[in-house]
Amino acid sequence: MKEMPMEFLRKLKTPQELKEEFPLEESIHKLKDERDREIEDIFLGNSEKFLLIIGPCSADNEDAVLDYLTRLRKVQDKVNDVIFMIPRLYTNKPRTTGTGYKGMLHQPDPKDHEDMWKGIIAIRAMHTRAVRETGFTCAEEMLYPENHRYLSDLLSYVAIGARSVEDQQHRLTASGIGIPVGMKNPTGGDMSIMMNSVTAAQSPQTFIYRGWEVRTKGNPMTHCILRGYVDKFGRSIPNYHYEDLWKVRELYEQRKLMNPAIIVDTNHSNSGKKYAEQIRIAKDVLHSRHVSPEIHKLVKGLMIESYLEDGAQKIGEGIYGKSITDPCLGWEKTEKLIMDLAEELSR
């Protein structure tokens, strides 16, 4: 008998089994319901609050992440009348070549070997600690659709990355998860791919998920995330400008999609990964909203990569609160930017 090329290491517990082993108290369920309703009101146009999906490129150190969230909570309380924050707790990271650090899901300790089950427990523990200690229900990137339900009782927002947005399973799973899902434009910049994803996820679907035949009603809060793109010469091309926002508005109208919405990712190819440029880009987007009622209604918020320390470091350097993946905006700049945005939004 020919040997199988894939080695089956162990059978993992189901999401239901994990949730039974690590249950949440009723107060957390209540808090998540309240936050989910408020976020839904923003996407449905019933609230004028501006979303900030903000936090580290990758949540690699639980203590540093909770330190960041504790500081963020204090700022949230100051700007609560105009800004609603959903912290980024991204624990699984796409890698273009399949190599390198793939996030806490794979490696709870970035310097240790991969252990997926230990990772699943670690990310649930961190998300649980986040909501218990700060009152934040957070955002994740859906890198592996079949893993979503390990955290589904804790999350309030999901992003589909630029490398996953064309994948059928991501689109269909997004149609049935009950919270807002942002579809990023692909790395090559083809807007039709992003719009196809939004269309698929807003539509009812029947498909196979975790060994079940499932049916969904469609997710009306699926929307676009503009993150810039890379052209055929390898140059970063931004797509956050007024003309880009207006073009996406036209694409929504052509397809007659529900609840047109855009989140602008201020980093990645929009900034050319120059993290400090996020400050200028964020303010530019707010200016576009001010000069156009249509853009004001369409752009619901920003996605910002931010941590305790400016920039990025290599794994093993050991600088507390500094990103080990993409460079991030440090805390002092982050706090000032949030307060500046709140002042601008209050005008």
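Rule-based calculations on the coordinates, nothing more; no lab input. Owing to the predicted nature of the structure, the values given are computational and were not obtained by experimental measurement. Here Cβ is always computed from backbone atoms with ideal geometry, including for glycine, and neighbour counts include all displayed protein chains.
Annotation: lysines with alpha-carbon distance below 26 angstrom to K11 (same-chain offsets under eight excluded): K2, K19, K93, K102, K111, K118. Decide, for the chain, between rounded, prolate and oblate: order the square roots of the alpha carbon gyration tensor eigenvalues as a ≥ b ≥ c, take rounded if a/c falls under 1.5, and otherwise choose prolate if a/b is larger than b/c, else oblate. Rounded. Calculated FRET efficiency, K314 to T96, Cβ-Cβ distance, R0 = 30 Å: about 0.95 to the nearest 0.05. Where only DSSP H runs of four or more residues are counted, the chain gives -12000 deg cm²/dmol as its mean residue ellipticity at 222 nm, each run worth -39500 (n - 2.57). Within a straight-line Cα-Cα reach of under 18 Å, K217 can be paired with the following lysines, leaving aside sequence neighbours fewer than 8 residues apart in one chain: K256.
Mean-square fluctuations from a GNM of the chain, with a 10 angstrom spring cutoff on Cα atoms, peak among I42, I208, I263 at I208. For the chain, modelled as a GNM whose springs connect Cα atoms under 10 angstrom apart, the maximal fluctuation among P87, P260, P15 occurs at P15. Between K102, K273, K11, the residue with the greatest mean-square fluctuation in the GNM of the chain (Cα pairs under 10 Å linked by springs) is K11.
Cross-link partners of K74 among lysines, defined as those whose alpha carbon lies under 24 angstrom from its own and excluding same-chain residues fewer than eight positions apart: K30, K32, K49, K283, K300, K322, K333, K336. Put a dot 7 Å past the Cα of S27, heading toward its Cβ, do the same for H241, and the two dots end up 5.1 nm apart.
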